[in-house]
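Heads up, the thing below is written out as structure tokens.
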Amino acid sequence: MDEISNFDQKKKNFSLYKRRVILLSIPFLVMFLVFFLQILNLSVFNNSIYATASENNRIINIPIYSTRGLIRDENENLIVENIVHQKLIIVPEKTIDLATSLLELQDLLSISDGDILFFKRSLSKRTYKYEPITLVRNLSPEQVAKYSINKERWPSVRIEANLVRQALDGPLYSHIIGYMGQVDTDNISESGDFKYKLDALIGKAGIEKFYENILRGSVGYKTVEADVHGALVRQLSKVDPLKAPDLFLSIDKDLQSIARESMIGKSGAVIAMDPKSGFIKALVSFPDYDPVTFNQGQQESLKAIMQNKNSPLFNRAVSGKYPPASTIKPFLGLLGLNKSLIDWGTSVEDNGVFQVKEDGRVFKGWKEGGHGEVNLTKAITESSDVYFYNLALKLKINEISDFLKSIGFNSITGIDLDNEQTGTVPDQNWKLGQTGSSWYVGDTVNIGIGQGYLTATPIQLVVAASALANKGKAYKPKLVKRIGSNQVKKELLYTIETSKENWTKMEDALISVISSWNGTAHNIYELDGNRIAGKTGTAQTSSLQEEEEYSVIRAESSRRDHALFIGYGPIPDPSLAIVVIVEYGESGSAVAAPIAKKLFDSYFTKKL
Amino acid sequence: MARLRPLEHTLNTRLGEVPYSKKLSSILVDIPLILSLIVTLVFGLFILYSASGQSDLMITRQGIYVIFGIILMISIAQLQAKTYQDMATHLIWVAISLLVIVLIFPAEGYKTNRWIDLGFISFQPSEIVRLMLPLSIASFLTRKRTRLLLKDWLIVVLAIFVCSFLVIKQPDLGTSIIIIIAGFLPVFLAGFPLFYLFSFFLIFFLMSPFLWGALKEYQQQRIITLFNPDVDPLGAGWNISQSKTAIGSGGISGKGYLEGTQSQLDFIPESHSDFIFAVLGEEFGFIGILFLIILYAFIFYRSLKIALNSKSEFGRVLVGSLTFIFMVYVFINILMVVGIIPVVGVPLPLISQGGTSMLIHLLSFGFILSIKRSNYDIN
């Protein structure tokens, strides 16, 4: 190859090279443009989006919960406190192999399948990153020991102190204070800003439930900066929660104990209330349970409670619906007086049987042969049924239902407990709606003695009794007397209006129920005892067929009559109103009244 | 030619007679290029200090590599092209041998067979290969003054594929792509007929389903994630989404040096190596990114100038190749970090932590400078 062609070749090669360089530069230019646009997009146009994402990465808001408010009695003695238990928690993000760790822990600590299931459900519901999840709520000392020896194996697992509710007196206050249970998803989503912890326990019944929003306190927040591993780098800010206030119950412990003791072996409810304020002094529903069983999740005992046929969880005091039976008589008497259908002199011949003219249906009185000639005082003292059959017929159902509704029946009293029932005050419309059949005169007659479709709760009855005690005024029943340092004020619920004379004579009649030799509760009379007024009641649970004798029914305990008593004392300045209902107790005078007497005596003795 | 400098640029002769500044410029060959490299390296050390969680140890080690690399670069710059031009052809055998050795005797303690452990030092042969390959190919294709035959091209293409196949086996998808590019750049610049080139790409394209099957599952996953990083932000898409968050949250002026929360709290994975660009973006913002891009552009401009001014075809092809390889590294890395291309594990040149990569880049610039020096000597 000669010089010139070599030179040409070189020149040719160089221009080819230059073209190639330009060609190569094009994709780089394109790449640069793509890159530049992306950078503009990231750090200029969408800066705020990424800035937020970056903040969310590192900033974690950890809620701080207040310790739950305590429950005390009037004298500041503890009823429910918080005690420390140990729980096992795990942080899933920090766990390298979650499934294996779970299996190992389950094997070592014999964790129940239920707990594992709960854990797995909690995984998806957490509210903040690195939120620990509870694996075992209550570690036994044995589990703590086993875990402690092996803890290096699971660096993301640790034991944490856990406050658990402790009812100091076991079952004594069970139906008042209620119990705690696992928070459910709805509770969490409805709790708004409070945001329950996933493993939080919340009040499921009683005071614990009714005052949940007060007892739980407010929620505070700790804002921390954390790295990618969730390790806390520094604390940015902290808002402490407000301390949850303690609740002070109006309950009198001695009275409560006596009430509960006297109900052991029976079922029913006892409520004692201060008629002047509405504050409850004792409230027992029996059978009951030990709240500790729930608060600490003791599985075996829980099962036993759930399977108990006598429904120990059912709060008869506010949810039980009973025929008020003869305890309704004083109120109907007052209505009759107010409507001028009767006066204190009006008398009726009671021969033990009452026949409805319209359909010829026969109603028997409780006493064979009757009480002879009875006026209102005698009708209350001896609890004449025939007198009140007559009165009811005169009053008509609408008068009766309107009046009973005006004195708190058919609606809740608003006591600070959950699941309060209204009971039923029937009328024509109600019966048509419920049974599809029309109202019979006989239905009205039945209501005259507090039977038939009429039902009331023990709390309604004690409030009604307190209206008698106050000669008119009835206050809303309340269990909590003080929230923190705030006194709870009394609230008027309703007033029964009638003349002073009527009140005096009604009280005399109610006193004679006990003091008179012919009174239905004369069995609890003591010559120099406290003066108390009351009214017994015996509620039929099944209606007597004509040919059937009560002795037949007796044999079957579930068909026996309920025993009732309402009363107040001491006269003339009543400080306690009481209702006692003993299911299948048969006799208001023999079974219910003596329990009330015990309570009165204890309470008044103490006051002196 | 006016452009050519007088004899005084010859280092071997008459060095003592030239003024000091001239001496310096004759040793350093291209002061603007070297200065911009040093600025980049020092800037890199600053970013690395932040990215490494302010690790003095890491900065010291990297600093030693930087100093050693600069010395190496300037030493190589003193070489005359003719001293290695012919010999370089045989580097292909060294390259293939190293890649085979690494597969047979990989260093222990790594998940992949990418490292050779010599006891006192361990290095990644694939990094060295991507310098040896253009050297060898540039030398082979420019050894004859006659037109190249199809046979010559085929030999070269075969060599490239052998090397990249060996790297895929390690397995290292990112580097094997670099190896292919590092091999084809000199081929392309040496005038490989475009017809053949398109044929190759057509074959490659048709074979792509089979190649996809040959990829490891995690490699496929990376490519899938790229197109949809939000599907699984805590899984495979985590890296991209976190680095985008870092850059995006940096805004225009950045969060401040050592103040980047994404970087300092470890949200950016591999923040000291492959994802160091995200640290720069977070702490120095758009302005910091622009600064680095300008540095890279300047380095590219100076190097390309050397390529175009090179008197020998070997010099042109070699410098052009090395320059574009450098830019390929830059773009693969930055496009990966901003989420345009899949996560392939390519470090950011001159900035990312890592000795081998740093030394090879500086070595490349040594050769680029050496070609510039050789120009003077031709005259």
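Computed from the coordinates by the stated procedures, all read-outs in this text should not be read as laboratory data. Small disclaimer: the values here were computed from a predicted structure and weren't measured. Glycine gets a Cβ as well: all are built from the backbone with ideal geometry, and neighbour counts include every protein chain shown.
Could you tell me whether the stretch A:105-225 comes out rounded, prolate or oblate from its Cα gyration tensor? Rule is a ≥ b ≥ c as square roots of the eigenvalues, rounded for a/c under 1.5, then prolate if a/b exceeds b/c, otherwise oblate. It comes out oblate by the Cα gyration axes.
Averaged over the residues of peptide A:32-42, the number of Cβ atoms from other protein chains lying within 10 Å of each residue's Cβ is 6. Ranking A:Leu42, A:Phe14, A:Val30 by how far each Cα lies toward the positive end of the dipole of the stretch A:3-45 (charges on Cβ) leaves A:Phe14 at the top. Here the contact order of the stretch B:86-215, divided by its residue count and restricted to Cα pairs under 8 Å and six or more residues apart, works out to 26 percent.
Would you give the gap between the C-alpha center of the stretch B:24-77 and the C-alpha center of the stretch A:78-132, rounded to a whole Å? Comparing the Cα centres of the stretch B:24-77 and the stretch A:78-132, I get a distance of 52 Å. Of the peptides A:271-277, A:456-462, A:389-395, B:154-160, the order by per-residue mean of other Cβ atoms within 10 Å, starting with the highest, comes out as A:456-462, A:271-277, A:389-395, B:154-160.
Helix A:458-469 and the longest principal axis of the C-alpha atoms of chain A enclose an angle of approximately 50°.
Here B:Lys82 is the anchor, and the aspartates and glutamates within straight C-alpha reach of less than 14 Å, apart from those fewer than 8 places off in the same chain, are B:Glu313, B:Asp377. The calculated FRET efficiency for the pair A:Asp107 and A:Gln299, based on their C-beta separation and a Förster distance of 25 Å, comes to about 0.80.
Report summary: the helix-based calculation at 222 nm, which adds -39500 (n - 2.57) for every DSSP H run with n ≥ 4 and divides by the residues of chain A, gives -11000 deg cm²/dmol.
Membrane-span-like helices in chain B, defined here as complete DSSP H runs extending at least 30 Å along the helix axis by their C-alpha atoms with mean Kyte-Doolittle hydropathy no lower than 0.5, are B:56-77, B:276-309, B:313-337, B:355-378; this is a sequence and geometry rule, not a statement about a membrane. What residue among A:Ser589, A:Ser515, B:Leu197 has its Cα farthest toward the positive end of the dipole of the protein assembly as shown, where the charges are +1 on Lys, Arg and -1 on Asp, Glu, each on the Cβ? Sorting the options by dipole projection puts first B:Leu197. Each Lys and Arg contributes +1 and each Asp and Glu -1, all at the Cβ; summed about the Cα centre of the protein assembly as shown, the dipole is approximately 4920 debye. Normalising the average separation of contacting C-alpha pairs (under 8 angstrom, six or more residues apart) by the number of residues puts the relative contact order of chain A at 13 percent. Peptides A:562-570, A:70-78 ranked from most to least packed by the mean count of surrounding Cβ atoms within 10 Å: A:562-570, A:70-78. For the stretch A:253-607, taking the reciprocal of the average inverse distance between every pair of different Cα atoms yields a Kirkwood hydrodynamic radius of 20.6 Å. Dipole magnitude for the stretch B:86-215: computed about the Cα centre from +1 point charges on Lys and Arg Cβ and -1 point charges on Asp and Glu Cβ, it is near 420 debye.
For the stretch A:447-530, what is the number of Lys pairs with C-alpha distance below 25 angstrom, counting only pairs 8 or more positions apart or on separate chains? So the count works out to 18.
Take each residue of peptide B:306-317, count the partner chain Cβ atoms within 10 Å of its Cβ, and average: the result is 2. In terms of overall dimensions, the C-alpha atoms belonging to the stretch A:3-45 reach 60, 10, 6 Å along their principal axes, ordered largest to smallest. Summing Lys and Arg as +1 and Asp and Glu as -1 over all other residues whose Cβ lies under 15 Å from the Cβ of A:Asn470 gives a net charge of +1.
From the alpha carbon centroid of the stretch A:327-344 to that of the stretch A:32-53 is 86 Å. In terms of the mean number of neighbouring beta-carbon atoms within 10 Å, the peptides A:249-255, A:104-110 order highest first as A:249-255, A:104-110.
Select from B:Ser271, B:Ser25, B:Ser139 the residue whose mean-square fluctuation is largest in a Gaussian network model of chain B (Cα-Cα springs shorter than 10 Å). Among B:Ser271, B:Ser25, B:Ser139, the largest GNM mean-square fluctuation belongs to B:Ser25. Across peptide B:238-249, the mean count of Cβ atoms from other chains lying within 10 Å of each residue's own Cβ comes to 6.
Once you have a ≥ b ≥ c as the square roots of the Cα gyration tensor eigenvalues for chain B, tell me rounded if a/c is under 1.5, and otherwise prolate or oblate according to whether a/b is larger than b/c. Verdict is oblate for chain B. Within the shell defined by Cβ-Cβ distances under 12 Å, the residues around A:Gly69 carry a net charge of +2, with Lys and Arg each +1 and Asp and Glu each -1.
Take every DSSP beta bridge with both residues inside the protein assembly as shown and express the antiparallel ones as a percent of the total, to the nearest 5. Of those bridges, close to 95 percent are antiparallel. Straightening the chain between A:Phe45 and A:Leu232 buys 64.2 nm, computed as 0.36 nm per residue apart minus the Cα-Cα spacing.
Ellipticity at 222 nm from helices only: DSSP H runs of n ≥ 4 in chain B, each -39500 (n - 2.57), divided by the residue count, give -22500 deg cm²/dmol. For the stretch B:86-215, the square roots a ≥ b ≥ c of the C-alpha gyration tensor eigenvalues yield an a/c of 1.5 or more together with a/b not exceeding b/c, which makes the shape oblate. Taking all Cα pairs closer than 8 Å and separated by 6 or more residues, the relative contact order of chain B comes to 26 percent.
Radius of gyration (Cα atoms) of chain A, expressed as a multiple of 2.2 N^0.38 Å: 1.46. Once the Cα atoms are used to define both axes, helix A:141-150 deviates from the longest principal axis of chain A by about 0 degrees. Simple rule: put +1 on each Lys or Arg Cβ and -1 on each Asp or Glu Cβ in the stretch A:60-245, find the dipole, and look at A:Leu108, A:Val219, A:Phe118; the Cα lying farthest toward the positive end is A:Val219.
Taking GluC sites (Glu not before Pro) in DSSP loop conformation with at most 14 other Cβ atoms inside 10 Å as exposed sites, chain B has its longest uninterrupted site-free stretch at B:109-258.
Positive contributions from Lys and Arg (+1) and negative ones from Asp and Glu (-1), summed over other residues with Cβ under 13 Å from the Cβ of A:Ile524, come out at +2. Stokes-Einstein, applied to the Kirkwood radius of the stretch A:397-446 over Cα pairs at a viscosity of 0.692 mPa s and 37 °C, places its translational diffusion at 273 µm² s⁻¹. Partner lysines whose Cα lies under 16 Å from the Cα of A:Lys396, excluding those fewer than 8 positions away in the same chain, are identified as A:Lys329, A:Lys339, A:Lys357, A:Lys405, A:Lys431.
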